[in-house]
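**Student:** To start, I am sharing the structure in question, which I have written as structure tokens.
The values are calculated or read from the model by the stated rules, or taken from the named source; none is laboratory data. Everything numeric here is computed off the predicted structure, so don't read it as measured data. Every residue, glycine among them, receives a Cβ derived from its backbone with ideal geometry; neighbour counts consider all protein chains shown.
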Amino acid sequence: MTYLRNNCPASRPNVVLIVSDDLRAQLNDPNFFSDNGLPNTSNLRRLAQSGHTFNHAYANQALCGPSRNSFLSGRRPQHTEAYNFVDSFRDVGQNWTTLPGLFKNHNYTTVGAGKIFHPGLPPDNDMPYSWDDRMSNGTWEEWMYPTEDACPSGTSWCGTDNETDLEDYKTTQQAFQLLDNITSSQEPFFLAVGYRKPHLQWRVPNRVLKNVPLSSVSPPASPNFPPSTPPLAYHMPVDDFLLEFSDIEKCGSANLTDPTSAWFSETCSRLWRRGYYAAVEYMDEQVGLILDELKQRNLEENTIVVFFGDHGWHLGEFGMFEKFSNFEVALRTPMFIRAPSLVKPGGLTEAPVELVDMYRTLADLTGLKMSLDKISSIDGESLVPLMRGTDDGAHRMAFSQFPRCLNGVNYANLPLSVDDRNIWNSYNGGDKPGRRHEIKDLPEWKLTNCNEIAVDGMDYMGLSVRTSDWRYTAWYKFGSEGIDWTSDVSEKEELYDYFEGDVDIFNADHNFENVVDDPANAEVVNQLRNYIEKQWEKPITYS
């Protein structure tokens, strides 16, 4: 490849935004940044060391479409009103300026490769509002939505020797081609690169799969559904595409219509964790190629590089797989920002931050902060004060939400009598008598994730806030009129403490328990509930 070098850097920095799909925060675990870690994420470690790490970054909703609608529009889901795969932010904000659109409006060349917006949300990948004209020449789908073959026999994971067929390989090559086009001018550029991995399917090169031996993969930590947690918090996978994979079907999906027997064997869980880890390692390779390319093109010192996942992912924790929840594992994702000459490298922020903060942060880093005054209702806060040490983050919080619909499979058909009002919880006792999990309202097991349901068909919205020490979630009645603040949440609340840290969620059997009913926590519950109600009425700011 012939490199067209930008030897006279523009006065304004370039921006490369890299987004990974379904990337859990286990990557932030120091074990993942060690020579013996699984998987090998040496390139993201390199980015972290040369930039700033946000160890507690949270999606505003643990689902691809809503999360991307949020951080790319700069508005939380409560304002985009895009909670699933039905609506996009353009339905309520026809004239909103997106994050790439902000740079386009300030004479940046804005281009993208791979999955940036979720397909169809908004339509046409938000052409022509967000992207440069050269992206709308009839070939943008090739840039944004590359495809790959399915695994043989329809399994969730597999190895291949045909690396050039992989989506993320194509995305990297497309990014290189875009750099060829845009670095020939002196205009600064905004390049978005969206990697599909580690989203299912986990199809990776055989050489990468060999790097993650099954013998090195442990079963999920904290596999039990937290005691005293309301059923609304739980993700039942019968209404999503997880069950489309043949190996998952064989591992027990037929039992997933009954929460008393919904469990996968340790063997199956370890195989899927291996597939996920291998997908993370392959994605890390692609990030390394982008970083190397910037260096080879003499762009490294004048380019801000941002990396994060659109949300996290359950790998068997609390008996769940995928996202679709307000639990820490589903919402938390790695985040790194490298801004040469602007921010000191090697920084670390432990305070909770949100993906929606990225809009204001990049505007701040590139000198476009003042222009935000002309754009109404941008949510989030700039992370630059945290990066420069002028804000200790002590009062920062992260807000998230997720809907639940009660019109799904009838989970109330339990083997015990309705009069008993208790169920055996497989996650808390196995197939023998053990801890009982009381269900006050059996019909609430008739859950779906509302993926294809319009707002007027939704029943509950789980509103969640994460502080440095606590996560509090309350499930309010919800529908076309919005949140019913008068609804009784007394038996639909969750409180989890993180005073002892959160690495144990990934590495050891953490004593994870809903402590909302502990009288000692009453004041904390009231305070956090008040934060939620204030936030959804008028966003809280820290300036």
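**Student:** Does region 92-112 include one or more residues that are in a helix (DSSP H, G or I), farther than 14 Å from S371 by Cα and out of contact with any Phe, Trp or Tyr (no Cβ under 6 Å at 6 or more places or on another chain)?
**Tutor:** no
**Student:** A follow-up question, please. Kindly check whether there is at least one residue in region 504-511 that is surrounded by fewer than 21 Cβ atoms within 10 Å (Cβ to Cβ), under 25 Å from G393 (Cα atoms) and modelled with pLDDT under 85.
**Tutor:** Taking every residue of region 504-511 in turn, at least one turns out to be surrounded by fewer than 21 Cβ atoms within 10 Å (Cβ to Cβ), under 25 Å from G393 (Cα atoms) and modelled with pLDDT under 85.
**Student:** Can you pull out the residues in region 444-488 that are of a type in the set (S, T, Y) and assigned to a strand (DSSP E or B)?
**Tutor:** T448, Y460, S464, Y472, T473, Y476
**Student:** With respect to F71, determine if the residue is crowded, with 23+ Cβ neighbours inside 10 Å, more than 19 Å from G309 (Cα to Cα) and modelled with pLDDT of 95 or more.
**Tutor:** no
**Student:** Does D379 fit the bill of being in contact with a Pro (Cβ under 8 Å, 6 or more places away or on another chain) and surrounded by fewer than 21 Cβ atoms within 10 Å (Cβ to Cβ)?
**Tutor:** Considered against the rule, which asks whether it is in contact with a Pro (Cβ under 8 Å, 6 or more places away or on another chain) and surrounded by fewer than 21 Cβ atoms within 10 Å (Cβ to Cβ), D379 comes out as no.
**Student:** Considering only residues that are of a type in the set (D, E, K, R) and either farther than 30 Å from F245 by Cα or in contact with a Ser or Thr (Cβ under 7 Å, 6 or more places away or on another chain) (or both), which ones fall in region 301-327?
**Tutor:** E301, D310, E317
**Student:** Find the residue count for region 364-390, including only residues that are outside any helix (DSSP H, G or I), closer than 17 Å to A57 by Cα and in contact (Cβ under 8 Å) with a residue 60 or more places away in the chain.
**Tutor:** Residues in region 364-390 being outside any helix (DSSP H, G or I), closer than 17 Å to A57 by Cα and in contact (Cβ under 8 Å) with a residue 60 or more places away in the chain: 4 in total.
**Student:** Just to be sure I understand, how many residues within region 106-123 are farther than 22 Å from R76 by Cα and not hydrophobic (A, V, I, L, M, F, W, C)?
**Tutor:** 7
**Student:** Among the residues of region 397-413 satisfying the criterion of being in a loop (DSSP other than H, G, I, E, B) and surrounded by fewer than 23 Cβ atoms within 10 Å (Cβ to Cβ), which is modelled with the highest pLDDT?
**Tutor:** In this case the residue turns out to be M397.
**Student:** On to the next question. From the list V353, V306, which residue is modelled with pLDDT of 95 or more and surrounded by 24 or more Cβ atoms within 10 Å (Cβ to Cβ)?
**Tutor:** V353
**Student:** Consider Q78 against the criteria (1) crowded, with 22+ Cβ neighbours inside 10 Å; (2) part of a helix (DSSP H, G or I): it satisfies all of them except one. Which criterion is unmet?
**Tutor:** (1)
**Student:** Kindly indicate the residue of region 102-121 that is within 27 Å of Q535 (Cα to Cα) and touching an Asp or Glu at 6+ places or on another chain (Cβ under 8 Å) and also surrounded by the most Cβ atoms within 10 Å (Cβ to Cβ) among those meeting that condition.
**Tutor:** F117
**Student:** In region 316-344, which residue that is over 21 Å from E494 (Cα atoms) and at pLDDT below 95 is surrounded by the fewest Cβ atoms within 10 Å (Cβ to Cβ)?
**Tutor:** Step by step, filter region 316-344, then rank; the result is S341.
**Student:** Additional query: Do you know which of the residues in region 184-194 that are crowded, with 21+ Cβ neighbours inside 10 Å and either basic (K, R) or touching a Leu at 6+ places or on another chain (Cβ under 9 Å) (or both) is nearest to W272 (Cα to Cα)?
**Tutor:** Per the criteria, the residue is G194.
**Student:** Filtering region 114-125 down to residues that are in contact with a Gly (Cβ under 7 Å, 6 or more places away or on another chain) and not in a loop (DSSP other than H, G, I, E, B), which residue is modelled with the lowest pLDDT?
**Tutor:** Restricting to residues being in contact with a Gly (Cβ under 7 Å, 6 or more places away or on another chain) and not in a loop (DSSP other than H, G, I, E, B), the top hit is L121.
**Student:** Mind telling me which of the residues A351, A330 ends up being touching a Ser or Thr at 6+ places or on another chain (Cβ under 7 Å) and among the small types (G, A, S)?
**Tutor:** On inspection, the qualifying residue turns out to be A351.
**Student:** Something else about it: If the requirement is being loosely packed, with under 14 Cβ neighbours inside 10 Å and modelled with pLDDT under 95, which of these qualifies: L178, L214?
**Tutor:** L214
**Student:** What are the residues in region 132-160 that are at pLDDT 75 or above, part of a helix (DSSP H, G or I) and surrounded by fewer than 19 Cβ atoms within 10 Å (Cβ to Cβ), if any?
**Tutor:** P152, S153, G154, listed by residue number.
**Student:** Right, something else. Just checking, how many residues over region 151-177 are closer than 14 Å to A192 by Cα, β-branched (V, I, T) and in contact with a strand residue (DSSP E or B) (Cβ under 7 Å, 6 or more places away or on another chain)?
**Tutor:** Going through region 151-177 one residue at a time, the tally reaches 1.
**Student:** Another question about this same structure. Go through region 202-237 and count every residue that is more than 22 Å from F318 (Cα to Cα) and part of a loop (DSSP other than H, G, I, E, B).
**Tutor:** 4
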